[in-house]
Each structure stands twice: as C-alpha cells, then as structure tokens.
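In what follows, a structure is listed as structure tokens, so that the remarks can point back to it.
The values are calculated or read from the model by the stated rules, or taken from the named source; none is laboratory data. Note that this is a predicted model, so its numbers are computed, not measured. No Cβ is skipped: glycine too gets one built from the backbone with ideal geometry, and neighbour counts run over all protein chains shown.
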Amino acid sequence: MESFKIAVYISILFSSHIFELVLTNDGVDSKSENKFLYFAYGSNLLARRVHINNPTAEFFSSAKLPNFRLDFQSFDTEFWNGADATIVDDSDSVVWGALWTLDVKDIPHLDEQEGIHLGQYRTRNVSVVTPDGRSMVARTYQMTLEPPKLPAKDIPPERQPSDTYMEVIIRGAFECSLPMHYLRFLFTFPTNGKLASWTTRQRLGYPFNVTELK
C-alpha cells in the first residue's frame with residue numbers, strides 16, 4: 001500500500017504541469033434555470049471521471065465545505081472494489097473539493113451515478129467557500145449511512161477505498177489545485193490494495209499515462 005502511494009505521488013509530480021487550470025467560467029449565473037453548481041469531493045474531482053456520465057460539466061473553482069469531514073463507507077459493489085467517499089457533519093473538519101457547473105439535464109445522470117435510486121446516497125444543498133472568499137450554494141451527495149469517526153490508521157479493511165479509487169481522488173485533487181495540506185491529508189487514508197473492476201478501469205483509461213490525463 002505504501003509503495004502504491006509513493007508511485008502515485010511521483011507520477012503526479014512528474015506530470016504536475018498538466019494541472020495548471022484556468023478559471024474561464026468566472027461569474028456563473030446561479031439563477032439560471034439551465035445550469036447548476038455541483039460540489040464534488042470524491043472521484044468526480046477528476047475531469048475524466050465526471051465527464052463519463054456528465055459531459056456538460058465545466059470546472060468553476062476549488063472550494064471548501066466547512067463543518068464536514070471526508071470519510072469512507074462500503075457498499076456491496078464491484079465498481080470500485082472498495083469503499084466509497086462520503087461527507088459527514090463534523091464541526092472540527094473541512095472538506096475540500098471542486099465546483100462544477102452542469103446543465104440541469106445532467107441531474108439524472110449524477111443521481112444515477114450516486115445510487116440515489118438504490119438509497120445509497122441522498123442529495124444535499126451545501127454552502128461552500130471558494131479560495132477568494134465567495135460563499136456559494138451547491139448540490140452535493142451524502143451517503144445515507146454515516147460511518148463512525150475513526151483515526152485513519154484505525155479504519156477497518158471493509159471501509160478502505162481501493163487503490164484505483166484513491167488514485168482517482170488524489171489525481172483529481174491535484175487537477176483542481178486543492179491545497180497542499182489537504183493533498184497530504186488524502187495520502188493518510190489506507191487503501192485495500194485492490195483495483196477497480198476491469199470495466200471501470202477501461203472507462204477511465206486506466207492505468208493513467210504519466211504525461212497526459214485528459
């Protein structure tokens with residue numbers, strides 16, 4: 001597991017020049033009936049991942065969600081072969097993520113991806129803050145099951161994400177220019193040593209090329 005994290009870190013460092021994103025959507029009309037803001041904190045941090053089901057997604061800004069923590073909980077699914085990310089109310093924590101603007105026609109795609117119809121996740125409107133201090137309301141998803149808070153080192157195997165899933169999250173965090181302290185925090189989560197399903201890896205174009213992710 002440690003060798004996996006080292007390999008991911010070195011790979012991202014060598015390709016870090018591709019993550020220099022330009023904020024081209026400054027001034028999204030939050031009142032538009034055709035667009036909405038979506039806060040991603042898990043695999044949808046990575047543009048390649050979010051665009052699989054949501055082709056209209058455009059990166060708007062990184063943002064933080066105060067009073068929540070990032071955690072992981074497992075469902076009986078082979079998609080990632082490990083636990084999925086969620087947010088849990090926690091006054092001592094902050095979750096960093098990406099704000100995407102999407103066409104409203106992509107809401108059913110997001111809902112299906114997050115397993116709303118299966119009762120795995122529910123939608124929440126949350127108030128996030130961008131690095132320049134703007135407070136914005138965005139749609140996000142939270143598991144219906146709330147995992148108990150544990151130190152990262154004590155998270156049991158059934159609540160550990162797969163190597164593939166964690167790599168997607170970390171690469172997405174680099175891509176969205178999340179703060180370095182948060183990137184270091186992501187590396188503290190243990191992984192279960194497994195890869196996502198073959199179908200998932202094929203859809204992602206995994207393993208990733210060191211010099212090109214998009």
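Numbers at a glance
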item: Count of region 145-163 residues which are within 27 Å of S62 (Cβ to Cβ) and surrounded by fewer than 16 Cβ atoms within 10 Å (Cβ to Cβ); result: 5
item: Selection within region 97-115 - outside any strand (DSSP E or B), surrounded by 13 or more Cβ atoms within 10 Å (Cβ to Cβ) and either free of Cβ contacts under 8 Å to residues at least 12 places away in the same chain or touching a strand residue (DSSP E or B) at 6+ places or on another chain (Cβ under 6 Å) (or both); result: E114, G115
item: Test result for V94, surrounded by 22 or more Cβ atoms within 10 Å (Cβ to Cβ), touching a residue at least 12 places away in the same chain (Cβ under 8 Å) and among the β-branched types (V, I, T); result: no
item: Scan of region 66-83 for residues that are under 15 Å from the mean Cα position of the chain (by Cα) and surrounded by fewer than 22 Cβ atoms within 10 Å (Cβ to Cβ), ordered by number; result: R69, Q73
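Yes or no, residue by residue, for (1) over 13 Å from the mean Cα position of the chain (by Cα); (2) part of a helix (DSSP H, G or I); (3) over 17 Å from T77 (Cβ atoms):
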{"site": "P161", "(1), (2), (3)": "no, no, no"}
{"site": "I169", "(1), (2), (3)": "no, yes, no"}
{"site": "G172", "(1), (2), (3)": "no, yes, yes"}
{"site": "L178", "(1), (2), (3)": "no, no, yes"}
{"site": "Y182", "(1), (2), (3)": "no, yes, yes"}
{"site": "N192", "(1), (2), (3)": "yes, no, no"}
{"site": "R201", "(1), (2), (3)": "yes, yes, no"}
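Residue-by-condition table, conditions (1) touching a helix residue (DSSP H, G or I) at 6+ places or on another chain (Cβ under 8 Å); (2) in a strand (DSSP E or B); (3) modelled with pLDDT under 95; (4) farther than 18 Å from P179 by Cα:
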| site | (1), (2), (3), (4) |
| --- | --- |
| V50 | yes, no, no, yes |
| F60 | no, yes, no, no |
| K64 | no, yes, no, no |
| G82 | yes, no, no, yes |
| T86 | no, yes, no, yes |
| S91 | no, yes, no, yes |
| G133 | no, no, no, no |
| V137 | no, yes, no, yes |
| T140 | no, yes, no, yes |
